[in-house]
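This report refers to the structure that appears directly beneath it.
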Amino acid sequence: MNIKEKTGNFLLDIAKLIFAGIIIGGIMTEEINRWVLYLLGLFAFVLIIVIGFVLCSQVKKED
C-alpha cells in the first residue's frame with residue numbers, strides 16, 4: 001500500500017465524516033442557515049470524495 005492509496009482512503013474517510021456532520025448539523029436546533037450548511041457541506045463532500053477516488057484509481061492503474 002503506497003502513499004497515494006493511503007491518502008485516497010483517508011480522504012474517503014474524511015468525506016464520510018463530513019456527510020455525517022451535515023446530517024447532525026441539520027438536526028440541531030441552533031440558528032444555522034440550513035441551505036448554507038447543506039450547500040457548503042455537499043460541496044466539500046463531493047470535492048473530497050472525488051479527490052479520494054482519483055487517488056485510489058491512479059494506484060490501481062499503476063499496478
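T29 passes all but one of (1) at pLDDT below 90; (2) not in a loop (DSSP other than H, G, I, E, B); which number fails?
(2)
Looking at region 41-63, can you tell me whether even one residue there is outside any helix (DSSP H, G or I) and without any contact (Cβ under 8 Å) to a residue 12 or more places away in the chain? I'd like the intermediate steps shown before the answer.
If we filter region 41-63 for residues that are outside any helix (DSSP H, G or I), which is where we start, we get 63.
Still in the list and also without any contact (Cβ under 8 Å) to a residue 12 or more places away in the chain: 63.
Taking every residue of region 41-63 in turn, at least one turns out to be outside any helix (DSSP H, G or I) and without any contact (Cβ under 8 Å) to a residue 12 or more places away in the chain.
Of the residues I27, I23, I51, which is more than 30 Å from K4 (Cβ to Cβ), open to solvent by 50 Å² or more (accessible area, probe 1.4 Å) and aliphatic (A, V, I, L, M)?
Working: I23 fails: more than 30 Å from K4 (Cβ to Cβ); I51 fails: more than 30 Å from K4 (Cβ to Cβ).
Result of the check over I27, I23, I51: I27.
Output yes when any residue across region 10-18 is under 15 Å from the mean Cα position of the chain (by Cα), loosely packed, with under 14 Cβ neighbours inside 10 Å and of a type in the set (A, V, I, L, M), and no when none is.
Taking every residue of region 10-18 in turn, at least one turns out to be under 15 Å from the mean Cα position of the chain (by Cα), loosely packed, with under 14 Cβ neighbours inside 10 Å and of a type in the set (A, V, I, L, M).
Here is a check on your reading of the model: is I24 under 17 Å from the mean Cα position of the chain (by Cα), of a type in the set (A, V, I, L, M) and at pLDDT 90 or above?
Values: under 17 Å from the mean Cα position of the chain (by Cα): yes; of a type in the set (A, V, I, L, M): yes; at pLDDT 90 or above: no.
In short, no.
The values are calculated or read from the model by the stated rules, or taken from the named source; none is laboratory data. These figures come from a predicted structure and were not determined experimentally. Backbone-built Cβ (ideal geometry, glycine too); neighbour counts: all protein chains shown. These area figures cover heavy atoms from the full protein model, side chains too; ligands, DNA and RNA do not enter into them. Shrake-Rupley method; radii C 1.70, N 1.55, O 1.52, S 1.80 Å.
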